[in-house]
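Beneath this line is the structure, given in structure tokens, with notes to follow.
A short reminder: the numbers here are calculations on the coordinates, not readings from a lab. All figures in this text were calculated on a predicted structure; none of them were measured in a lab. Virtual Cβ from ideal backbone geometry, glycine too; neighbours counted across all protein chains shown.
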């Protein structure tokens, strides 16, 4: 019995640790949506979904391809790999059929940009303590 | 040094400087409604026989250089203006000029949470297969030489971009994403390579393209982990013979149908495309009207050893006439039979040093000469059926 409890505790702590390490999709408070599906979030970060339901243009921010937070974000939140995302953006940018998201240098810049840009979306490695930013909940 | 030799150092430094400056401009004066991107690629080729991109036989040819700079500006939420200038120098086929590669006004007509519909006008890239729209951007290509049976370099100007309009639509569902494009426009191609690829090396008149259409439907799963696409084009070229030529003013219709499939995993990638092309020659006088079907396909596997290092293997085959795979018609026209086909085994290695700097190398073993450029191989009788090709590429982008 004790053994089972120990395993349960160990499992729970593993889950809570991985939850603590998870990436959060964050938006500016002005964004008129509370929850989002995997499809929608993919459509936004592949730059195919350009407007929020109210018609406000979406401002997408990202970190560099090799940034560990970016890698974690593409894998955990988009269920994709950075090279797949890169392929989609490059195709649009170099054929004139779309635009790439704005690449920021670090997480602090991401926090500042999402906090100060209306209708912005980005991601952070932890829940922000900033009233201008809200965490997007997966549907 | 002849005009197809290496770019003079001064010019090269100047272009590099301009590119760096423009990336600086982007960093310093970044505005959210204006984006600037570009690329610079230099390639080197060596062949055991036959020439590619200049004089590569028993030497090293630096004859393929590609430099592009593009701007995208969004004056209103639903309107995007974008343009790209391309400098391309390709052996004896293209001496090197700057062209407008695309210049597009894109108007988004309808946007819901799962769909987009819009129109584009101007000079638009032709959607064809997996790679055509960005065929000159090394970073977006799997290899230095794209599979030539489908992405012919010698007749590329018919495929690169067209002046006209386009309708596009996409729809996102839980079961994948659908993309549709329909382009109508004037292809830009009227050069000697196209003439010789269609009428052989002795023709001397001019081709002029009629308005053509190109359409593509693609389906992507998991944000592009699996991609399926069908592309179709219909183009007709009218021939104006030169004075005293035996050919009369005929026309050639070309209708390629292309199926594409791709798997993009974390480490492993697999790509295949199959081309079936109807060709119809009419009213050339001395040559009877005739129809024939060209066929090409390739299969390509890639593996990422680490995210920056990728190995690639491909087999690519092309037959210019599926009822004459051995090239008997070429022989009866006084040409070598191996001009009718090409089979190409290749292996390559790509190293992404940073996200904006890439170097790669590849080796090809080729059987046949169907996609060799005539401008680089003036005497068809001197070409060899079995040959080796080595290539090296440096590319920078921002």
Subject >> Candidates B:348, B:205, B:54: whichever shows maximal mean-square fluctuation once chain B is modelled as a Gaussian network with Cα springs under 10 Å >> reply: B:205
Subject >> Degrees between helix B:9-28 axis and first principal axis of chain B (Cα, 0 to 90, nearest 10) >> reply: 30 degrees
Original post:
Given Cα pairs under 8 Å that are at least 6 residues apart, what percent is the relative contact order of region B:144-269?
Top reply: 19 percent
Original post:
Of all DSSP beta bridges in region A:23-138, what percent run antiparallel (nearest 5)?
Top reply: 55 percent
Original post:
Could you state the number of Å between the C-alpha centres of region B:111-183 and region B:304-377?
Top reply: 22 Å
Subject >> Considering only the protein assembly as shown, percent of DSSP beta bridges that pair antiparallel, nearest 5 >> reply: 95 percent
**OP:** Springs between alpha-carbon atoms under 10 Å, Gaussian network over chain B: tell me which of B:122, B:59, B:327 tops the mean-square fluctuations.
**Re:** B:59
**OP:** Could you line up B:274, B:341 from fewest to most neighbouring Cβ atoms inside 10 Å?
**Re:** B:274, B:341
Subject >> residue B:361 paired with residue B:48, simple spin-label distance in nm, labels 7 Å along Cα-to-beta-carbon >> reply: 1.8 nm
Subject >> B:161, B:381 arranged by Cβ crowding within 10 Å, fewest neighbours leading >> reply: B:381, B:161
**OP:** Please give the per residue volume of the convex hull enclosing the alpha carbon atoms of region B:269-320, rounded to a whole number of Å³.
**Re:** 88 Å³
**OP:** Taking just the C-alpha trace of region B:99-397, give me its Rg and Dmax in Å.
**Re:** 20.2, 63
Subject >> Relative contact order [Cα under 8 Å, 6+ residues apart], chain B, whole percent >> reply: 13 percent
